[in-house]
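J.: Let me give you the structure first, and then I'll get to my questions.
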Amino acid sequence: MTMQHDASRKALTALKRIEGQVRGVARMVEDDRYCIDIVTQIEAIRAALARVESDLVRQHLGHCVRKAMTSPDETEQARVIDELVQVFKR
């Protein structure tokens, strides 16, 4: 299954913003900016990525997992459960 259009658009917008932040941090390093300022920006990037990840997991649970769990196909249900377990093991 794929992402719903709204979730996909929201994630892509956020990822493009994060990409810009990463380029900004690279410029900070090139410009020999103060280390703590760079670290602060890296933490902001991590937080932004965590928000994207959280939104995607929420969307996956609400759409893909819900669909699999209401399906009569027990193999699909087991596959989705295993998939989630593997993600959360990382």
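J.: Are there any pairs with C-beta distances below 8 angstrom linking a residue in the range 27-56 that is closer than 15 Å to A11 by Cα to a residue that is charged (D, E, K, R) and surrounded by 12 or more Cβ atoms within 10 Å (Cβ to Cβ), with the two at least 6 apart or on different chains, and if so which?
T.: Here the result reads A48/R17; D55/K10, each pair linking the range 27-56 to a residue that is charged (D, E, K, R) and surrounded by 12 or more Cβ atoms within 10 Å (Cβ to Cβ).
J.: Of these, I45, I38, which one is of a type in the set (A, V, I, L, M, F, W, C), touching a helix residue (DSSP H, G or I) at 6+ places or on another chain (Cβ under 8 Å) and closer than 25 Å to A7 by Cβ?
T.: On inspection, the qualifying residue turns out to be I45.
J.: So which residues in the range 21-42 are under 18 Å from the mean Cα position of the chain (by Cα) and loosely packed, with under 10 Cβ neighbours inside 10 Å, if there are any at all?
T.: Correct list: empty.
Values in this text are rule-based calculations from the coordinates and carry no lab data. The structure displayed is predicted, hence computed values, not measured ones. Virtual Cβ from ideal backbone geometry, glycine too; neighbours counted across all protein chains shown.
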